[in-house]
Amino acid sequence: MSIFRIRLGVFFFILWWIPIYLTLPTVTDALGISNNKKATTAIFVSIIVVQTILGIVGVLLAGKEMASTLKEVKFKKLPKVVWKILWSAKTDIDPADLKVHKAK
C-alpha cells in the first residue's frame with residue numbers, strides 16, 4: 001500500500017469539492033476578458049471539467065490503494081483505521097479491528 005498515493009488521492013478528492021469556480025471574476029478581470037461572455041464560459045467549463053477529472057482520479061487512486069485493506073476491517077472501526085493510515089502513515093492494523101472470518 002502506497003501512503004503517497006492514498007494521500008494524493010484524498011488531496012485530489014478534497015480539491016474536487018473546493019469551489020474554485022468562484023475565482024472566475026478575478027481570473028477574467030486579470031486576463032482582461034471579463035466582458036467576453038464566450039471566453040468566460042469557456043474558462044468556467046474548463047475549471048469544472050479539470051476539477052471533476054482530478055476528483056475522479058483521486059477517488060480511483062485512494063480507493064484502489066485502500067480497498068484491499070478496508071475489506072478486512074470491521075465496519076465500526078473503519079473511520080479510526082482510515083484516519084490512522086492517513087495521519088500516521090502506519091499501515092499495520094490492530095488485530096482487534098479486523099473482521100472475524102467464519103470457518104467453512
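So what does log10 I(q)/I(0) come out to for the chain at q = 0.17, 0.21 Å⁻¹, using the Debye formula with one equal point on every Cα and no solvent?
The calculated log intensity ratios at q = 0.17, 0.21 Å⁻¹ are -0.81, -1.02.
For Val73, list long-range residues whose amide hydrogen, built 1.01 Å from N in the peptide plane, is under 5 Å from its own amide hydrogen.
Excluding prolines and chain starts, which carry no amide H, the hits are Lys99.
Calculate the spin-label point distance for Trp83 paired with Ser2, positioning each point 7 Å from the Cα along the beta-carbon direction, and give it in nanometres.
With each label point 7 Å from Cα toward Cβ, the separation is 2.7 nm.
Suppose R0 equals 30 Å; then what is the FRET efficiency for Ala42 and Leu15 from their Cβ-Cβ distance, rounded to the nearest 0.05?
Efficiency, from the Cβ-Cβ distance: 0.90.
Distance in nm between label sites at Ala30 and Lys102, each 7 Å beyond Cα in the beta-carbon direction?
For Ala30 paired with Lys102, the spin-label model returns 5.9 nm.
If you line up the long axis of helix 78-88 against the longest principal axis of the chain, both from Cα atoms, how many degrees apart are they, to the nearest 10?
Long axis of 78-88 versus the principal axis of the chain: about 70 degrees.
Values in this text are rule-based calculations from the coordinates and carry no lab data. Note that this is a predicted model, so its numbers are computed, not measured. In this analysis, Cβ positions are derived from the backbone assuming ideal geometry, glycine residues included, and neighbour counts consider all displayed protein chains.
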